[in-house]
Amino acid sequence: MLEVDQDRARADHPHPQHAFVITLRVNDEDHRLAVDARTTLLDALRDRLHLTGTKKGCGLGQCGACTVLVDGRRVVSCLTLAVMNQGRSITTIEGLGQGGLHPVQQAFIDHDGFQCGYCTPGQIMSAVGLIQEGRTRSDDEIRENMSGNLCRCGAYTNIVDAIKDAIAQGTDPREAMTQAVEAIRQDAEQGGA
Ligand code: FES
Ligand code: FES
């Protein structure tokens, strides 16, 4: 069985001896699920919650494709276990885009910050986290702090331009995130009405 299939099987059918019932708060919504203790946050997001915007590249913490925000900080979700993230607020690319494109998403479009797009969700989540960290005072600083996100298409120059543009537009990622979360809440309320 391929490694990726083993991960998926483990995520879908936790072994009773290793199963934990947890609640994950993702994009401001609680999800209760039984997971194998060895299931990564990435596999729980993709295979259990079907949030496939977060991509699996290397599965080893080396490419950044799986980057999400946990309590506002950038995390490679392939290197953290789902059970370790109870009680934390997880934001994925799906949460970012609720209620219209996030300014960083728009800047990536405006600057052609992608080609095939596989690395793009991770790049965007990392860029949002980076802007929140405020470590964007020069091109070199942006490059250095985005260096954990690899792009096989080589869109690096445009990615840096997109991040600078988002900053120049006065992007406040926390404000944009708050709006996105509010949009999700309103959708949920309307759906439940
Ligand atoms: Fe997580 Fe590559 S898939 S860093
Ligand atoms: Fe293709 Fe980055 S856009 S890997």
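Scanning region 23-63 for residues being without any contact (Cβ under 8 Å) to a residue 60 or more places away in the chain and hydroxyl-bearing (Ser, Thr, Tyr) gives a total of 3.
Among the conditions (1) modelled with pLDDT of 95 or more; (2) within 22 Å of Gly122 (Cα to Cα), Asp7 misses just one, which is (1). When region 103-148 is filtered for residues that are out of contact with any helix residue (DSSP H, G or I) (no Cβ under 8 Å at 6 or more places or on another chain), more than 16 Å from ligand 1 (Cβ to nearest atom) and not in a helix (DSSP H, G or I), the ones remaining, listed by number, are Gln115, Gly134, Arg137, Ser138. Residues in region 116-139 that are under 19 Å from the mean Cα position of the chain (by Cα) and of a type in the set (S, T, N, Q) were compared, and the one that is farthest from ligand 2 (Cβ to nearest atom) is Gln132.
Of all the residues in region 61-92, those that are within 15 Å of ligand 1 (Cβ to nearest atom), at negative phi and assigned to a loop (DSSP other than H, G, I, E, B) number 6.
When Cys66 is tested against (1) within 20 Å of Gln132 (Cβ to Cβ); (2) surrounded by fewer than 22 Cβ atoms within 10 Å (Cβ to Cβ), exactly one condition is not met: (2). Of all the numbered requirements in (1) away from ligand 2 (no atom under 16 Å from the Cβ); (2) surrounded by 24 or more Cβ atoms within 10 Å (Cβ to Cβ), Arg88 misses one, and that requirement is (2). Modelled with pLDDT of 95 or more, of a type in the set (D, E, K, R) and not in a helix (DSSP H, G or I): is that true of Asp161 in this structure? Here the answer is no, as Asp161 does not meet what is asked. Within region 103-124, no residue that is over 16 Å from Gly53 (Cβ atoms) sits with its Cβ atom under 6 Å from a residue that is at pLDDT below 95 and within 7 Å of ligand 2 (Cβ to nearest atom) at 6+ positions apart or across chains. Of the residues that make up region 40-58, is at least one surrounded by 19 or more Cβ atoms within 10 Å (Cβ to Cβ), more than 16 Å from ligand 2 (Cβ to nearest atom) and closer than 17 Å to Met146 by Cβ? No: region 40-58 contains no residue that is surrounded by 19 or more Cβ atoms within 10 Å (Cβ to Cβ), more than 16 Å from ligand 2 (Cβ to nearest atom) and closer than 17 Å to Met146 by Cβ.
The values are calculated or read from the model by the stated rules, or taken from the named source; none is laboratory data. This is a predicted model, so every value here is computed, not measured. In this analysis, Cβ positions are derived from the backbone assuming ideal geometry, glycine residues included, and neighbour counts consider all displayed protein chains.
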